[in-house]
Amino acid sequence: MNLTMNSKFSTILWVILLALTLSACAGKRKQEPVSVTQNAQAMYAEAKRVLDSGLYNRAIEMLQAVENRYPFGPMARQVQLDIIYAYYRANNLPQAIANIDRFIRLNPNHPDLDYVYYMRGLANLKADENAFQSFFGIDQADRDLASTRQAFDDFRILITSYPDSKYSADARIRMQHIRETLARHELLVADYYMRRGAYLAAANRGKYIVEFFRESPQVEQALELMVQGYDKLGLEKLRDDAYEVLKLNFPNNRTRISSRS
């Protein structure tokens, strides 16, 4: 008799404890903040809405929250691409480039790598822009152009590796603009050397323009500097060769040399 009663008491006690446990769990779930239970799709949709509205810094925060909470989710790569774009539009170019390099390193075979290289070209090109100099009409070619050169390489990788990409046509146009900028830069440096009596350095810069920017309008002036530099150095053979090329391609050029070998 006692055993039967004890057994029934134990069963009732167990049922009560189980009910209390389930009730406590249910209560905790109801108290959980909505943001914690929000799924990846909903979080991303809200971040994308903010991004599309132009609030780039806020969008970066929200996209990073999605990436941190769902680093291996189905939208993880798209979130990373959006973060790159947001940093670029927010004019935070170092962070944009850092995220681009990280994406390329971790996703060497991703189908959107053409877009990533395009964005790296844009970011590097923008890094060398100077609003103050542009406003006052100062030629940007007189500054260090390391990022512009890198942008040229980024666009070159794009059109070489992904010739059918929808970004390739614009990349080619930008590469042509970069060539003109780099040619002007080299010409400014060559003229700087010439005015300071560094004739060989000036001639070498002119030669570089002729070899690598042969379609640039700066080629004529580059040949002039080569003729003048070699003439100052007494290198008559090199001077005459440069002069022949100058007269052949620019017959109306007025450069003259004092004597011929």
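The values are calculated or read from the model by the stated rules, or taken from the named source; none is laboratory data. Because the structure is a prediction, the values reported are computed rather than measured. Please note that ligands, DNA and RNA were not included when accessible areas were found on the heavy atoms of the full protein model with its side chains. Shrake-Rupley method; radii C 1.70, N 1.55, O 1.52, S 1.80 Å.
Summary table
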| quantity | calculated |
| --- | --- |
| Per-residue SASA entry for Val189, accessible area with 1.4 Å probe, Å² rounded to 10 | 30 Å² |
| Normalised contact order of the stretch 179-260, rounded percent, pairs of Cα under 8 Å and 6 or more residues apart | 24 percent |
| Computed over the stretch 143-225: relative contact order in percent, which uses C-alpha pairs under 8 Å that are six or more apart | 23 percent |
| Accessible carbon and sulfur surface of the stretch 179-260 relative to its total accessible area, %, 1.4 Å | 49 percent |
| Mean shadow area of the stretch 179-260 over all directions, Cα convex hull, nm² | 4.8 nm² |
